[in-house]
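Heads up, the thing below is written out as structure tokens.
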Amino acid sequence: MADSSIPGFREIADWPPPVVRPLRIASHGAIRGGGYELEMKDAAEQRFNVFFDSCLGRLCYSSGYEWEKDEDAAFVTPDGEIARDVLSLADNWICDEGERHLRLKEVITTARHWM
């Protein structure tokens with residue numbers, strides 16, 4: 001597998017605070033500049049933010065909503081818990097919700113290309 005890391009940018013594999021399963025997609029939508037965000041919530045209603053960057057569509061994590069400023073914002077590694085959870089939940093949600101989420105389907109396809 002090719003090295004997809006970007007020198008000088010933080011990477012993360014697993015959820016920083018432990019997730020209380022089950023995890024679900026609470027909301028989603030486009031963000032300025034062409035990116036896309038997913039707000040995940042666990043059984044304890046803890047919020048987890050992930051987003052797909054607007055340049056390459058890579059999956060990223062941040063604890064807040066100001067991704068450019070958040071000190072913990074990081075690219076998600078393809079082999080970690082975050083990537084497995086997000087891609088699995090998104091795939092299932094797209095299947096369940098059908099044609100309503102075509103943009104999310106495009107975003108997931110692009111993200112998989114870079115993983």
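What follows draws every value from the coordinates through simple rules; no lab data is involved. Everything numeric here is computed off the predicted structure, so don't read it as measured data. No Cβ is skipped: glycine too gets one built from the backbone with ideal geometry, and neighbour counts run over all protein chains shown.
Annotations for the structure displayed:
- When the chain is treated as a Gaussian network with alpha carbon springs shorter than 10 Å, the biggest mean-square fluctuation among GLY33, GLY57, GLY80 belongs to GLY33.
- Neighbour-count ranking [beta-carbon atoms within 10 angstrom, fewest first] of PHE9, PHE52, PHE75: PHE9, PHE75, PHE52
- Look at CYS95, CYS60 and count the other Cβ atoms within 10 Å of each Cβ; fewest to most, that gives CYS95, CYS60.
- Cβ-based net charge around PRO18, under 11 Å, with every Lys or Arg adding one and every Asp or Glu removing one: -2
- Compactness of the chain is given as radius of gyration and Dmax, 13.3, 39 Å, from Cα positions.
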